[in-house]
Amino acid sequence: MIHCVCLREYSKMRAEFEQRLWELISKTKYRSLLLSDERYLEIVNETKVALQRKGDRLELSSKQYRRLKRYDLLTIGEKDKLVNKEHLENQSGLIFYCATSEMYDIIHTAHLQIGHKREKAMENEIKNKYFNVTREVIYIYLDLCQSCALKKKAKSKGLVVKPLS
């Protein structure tokens, strides 16, 4: 029974997160950084074509040069993942791009791994692996976390002063 309740809460929280994320995407400048599944696949395919043309020593368009400058591809199993090329060239490790459909799971996992810490710790944890998870997206998740909301309420009770009589 407890498992069903947790799964129901997880699904409800995920749906609310995705709704708020789409609201953020529709009204802010982060549209280019937050990649929908369709846009993510489009960039993967454009990068594949650019890599193929470069390998065949064919002429590249300016868009293909931009793709090669920003992205590289890593094939994991049968899936191609976008990698931030700047971090790869600086040998600071693999930093992936993720689609918006993956963001909830990425943030949720990081949040649980660090023990429900707040935004700075989460941002540091996520930035080690993913490039396009913004602080605003992390705030959306933290607003929905019930465990963090309980901690916040406990801290905000304040000081009780007994009147002198």
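Which trypsin sites (Lys or Arg not before Pro) from the stretch 1-94 combine a DSSP loop assignment with at most 14 other Cβ atoms within 10 Å?
Qualifying residues, ordered by number: Arg57.
Please check which bits of the stretch 14-57 a label hung off Asp80 would reach, taking the label as a point 7 Å along Cα-to-C-beta and the cut-off as backbone N under 13 Å.
40-55
For Lys129, what charge total do you get from the other residues with a beta carbon under 13 Å from its beta carbon, if Lys and Arg give +1 and Asp and Glu give -1?
-2
Would you mind checking Lys12/Lys85; Lys27/Lys79; Lys54/Lys127; Lys81/Lys127 for any pair whose Cα atoms are more than 25 angstrom apart?
Listed pairs above 25 Å: Lys12/Lys85; Lys27/Lys79; Lys54/Lys127.
Pop the C-beta distance of Arg135 and Arg57 into the FRET formula with R0 = 41 Å and round what comes out to the nearest 0.05.
0.45
Between Leu73, Tyr104, Leu58, whose Cα lies farthest towards the positive end of the dipole of the stretch 43-132 when Lys and Arg beta carbons carry +1 and Asp and Glu beta carbons carry -1, centred on the Cα centre?
Toward the positive end, the furthest listed residue is Leu58.
Probe of 1.4 angstrom, ligands and nucleic acids ignored: what's the accessible area per residue over the stretch 2-92, in square angstrom?
Dividing the accessible area of the stretch 2-92 by its residue count gives 74 Å².
Report the extension gain between Arg14 and Leu41 in nm, rounded to one decimal, defined as 0.36 nm multiplied by the number of residues separating them, less their alpha carbon distance.
Here the segment from Arg14 to Leu41 would lengthen by 7.5 nm.
Work out, in µm²/s and without decimals, the Stokes-Einstein translational diffusion coefficient of the stretch 24-79 at 37 °C, 0.692 mPa s, Rh from Kirkwood over C-alpha pairs.
261
The values are calculated or read from the model by the stated rules, or taken from the named source; none is laboratory data. Keep in mind the model is a prediction, meaning the values are calculated, not measured. Glycine also receives a Cβ, built like all others from the backbone with ideal geometry; neighbour counts cover every protein chain displayed. With ligands, DNA and RNA removed, areas are computed over all heavy atoms of the protein, side chains included. Shrake-Rupley method; radii C 1.70, N 1.55, O 1.52, S 1.80 Å.
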